[in-house]
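A.B. asks: Sending over a structure as structure tokens; questions will come in a sec.
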Amino acid sequence: MSFVLNEEEQMLRDSARSFLSETASVAALRKLRDENNPEGFSRDLWASIGEMGWCGILVEEAFGGVDMGVSAAGFILQEMGKELTSSPFLSTSVLAATALRVAGTEAQKSAWLPKIAEGKAVIGFAVDERARHNPDAINTVAAKDGNGLRLNGTKRFVANGAGADVLIVVAKTEDGAPCLVMVDPKADGVSATPRRTLDSQVPADFTFKDVKLDGDALMNGADDTGKAIAHVLDVGRACLAAESLGVAERAFDITIDYIKGREQFGVPIASFQGLQHRSAHLLSEIELARSIVLKALRTLDETPSQAPIWAAAAKAKATAVSRLATSEGIQMHGGVGMTDEYDIGLYYKRAQAAGEFLGDDAWGAGQVAKLSGY
């Protein structure tokens, strides 16, 4: 496995860095927040990301995508993390695109993958039903109802749920087998409650009460739907870990720039040994996180059967490091770090929220121990 980016990956990373810094920076997030945007993201930006070709990063060429692999998706999200870019990229181009790819029928793929690739669809992936991530705790039931299905249950904190055109819902059949169904969020019996989170995102809670679904709503294109769902979540965790890594990297850069310019007793506070030690520790932790995130992304592309442990480890490490980098950043900024004027607080909020989605560091560490046999 190579820890060095190839030429194509470097070009992708550089183009993402340039585009996002100009069009989807922290200033854009502040604007969405201050305008109280009901969806939490810009439709115009999403269309522009589609024009860049990134929306189809995990979509096969036959459906209009570029199919560059999970590593490429992770590199884009890493740059998004640096800019705190608010977009449906993770929910739609990573989670939903992967779910359709591994479990969708040909009709479902033909209907939705081209829309994803063009940036013309927003899809929510609805898995969690409790306050904390637990993909094994699924009580939503898709029961047979004539030639179709009847869906009952609840889902919490569905990423980009407030602006979703369709939902991919993790449920179970009457006999307890895992299944995936596609649901129109405006269908009869579906109710949505938007939740504006501390990082200015707008996920939504959903309640499904006797929602009638056609038989073609069932995603039955996989031999083993349970394994397909697990793979989707592994891809999501590794890519979200890449975003958290980007959050940590930029928080570190912001902090170093600040302490180099902030003077006390006539000298930059960066010259204080205590802050140098803390900065060195942060840098080493970020380097460790970078290595394990890249390992997880590469493993998903090259040997996906080995990916579960690495995806969990990457999510755990990147969550812990992003939270450490942002909290240390606030500490080193001093009192002003708590004010809205300084961006470090926004990075802290994103680190906290992203850390909870798809499993926090404690959950990830538990999974690593379980998969390791300890």
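A.B. asks: In whole Hz and in residue order, list the ³J(HN,Hα) couplings for the stretch 234-239 that follow from phi through the Karplus curve 6.51 cos²θ - 1.76 cosθ + 1.60, θ = phi - 60°; x for Gly and Pro.
C.D. replies: Values per residue, Gly and Pro as x: 4, 4, x, 5, 5, 5 Hz.
A.B. asks: Could you state the accessible area per residue of the chain in Å², with a 1.4 Å probe and every protein chain left in place?
C.D. replies: Dividing the accessible area of the chain by its residue count gives 43 Å².
A.B. asks: Please work out the C-alpha center-to-center distance from the stretch 29-87 to the stretch 334-350 and express it in whole Å.
C.D. replies: 24
A.B. asks: Hey, another quick one. For G119, list long-range residues whose amide hydrogen, built 1.01 Å from N in the peptide plane, is under 5 Å from its own amide hydrogen.
C.D. replies: none
A.B. asks: May I ask you to give the percent of accessible area on the chain that is carbon plus sulfur, with a probe radius of 1.4 Å?
C.D. replies: Percent of accessible area from carbon and sulfur atoms in the chain: 50.
A.B. asks: Determine ³J(HN,Hα), in whole Hz, for all residues of the stretch 357-374 in sequence, where each value follows from phi through the Karplus function 6.51 cos²θ - 1.76 cosθ + 1.60 and θ = phi - 60°; x replaces Gly and Pro.
C.D. replies: With the stated coefficients, the stretch 357-374 comes to 6, 6, x, 7, 5, 5, 4, x, 5, x, 5, 4, 4, 5, 6, 7, x, 8 Hz.
A.B. asks: List, in order, the whole-Hz ³J(HN,Hα) value for each residue of the stretch 145-153 obtained from phi through the Karplus relation with A = 6.51, B = -1.76, C = 1.60 and θ = phi - 60°; use x for Gly and Pro.
C.D. replies: Result, ordered by residue: 8, x, 8, x, 9, 10, 9, 9, x Hz.
A.B. asks: Using amide H atoms built in the peptide plane, which far-off residues or other-chain residues are under 5 Å from V166 H to H?
C.D. replies: V122, G124
A.B. asks: Which of the peptides 110-122, 185-197, 312-324 is most tightly packed, and how do the rest follow, going by the mean number of other Cβ atoms within 10 Å of each residue?
C.D. replies: Highest to lowest by the protection proxy: 312-324, 110-122, 185-197.
A.B. asks: How big, on average over all directions, is the shadow cast by the Cα convex hull of the chain, in nm²? Present the calculation step by step, with values, prior to reporting the outcome.
C.D. replies: Working: hull surface 75.8 nm².
Result: a mean projected hull area of 18.9 nm².
A.B. asks: Oh, and also: Amide H neighbours of E129 under 5 Å, at least 5 residues apart or on other chains, H built in the peptide plane: list them.
C.D. replies: Under 5 Å from the amide H of E129 lie the amide H atoms of N134, R156, each far enough along the sequence or on another chain.
A.B. asks: Of E243, E328, E174, which has the largest mean-square fluctuation in a 10 Å C-alpha GNM of the chain?
C.D. replies: E174
The values are calculated or read from the model by the stated rules, or taken from the named source; none is laboratory data. The model shown is predicted, which means the values in this text are computed figures rather than measured ones. Neighbour counts are summed over all protein chains in view; Cβ atoms, including those assigned to glycine, are modelled from backbone coordinates with ideal geometry. In case anyone asks, the SASA skips ligands and DNA or RNA and just uses the protein heavy atoms, side chains included. Shrake-Rupley method; radii C 1.70, N 1.55, O 1.52, S 1.80 Å.
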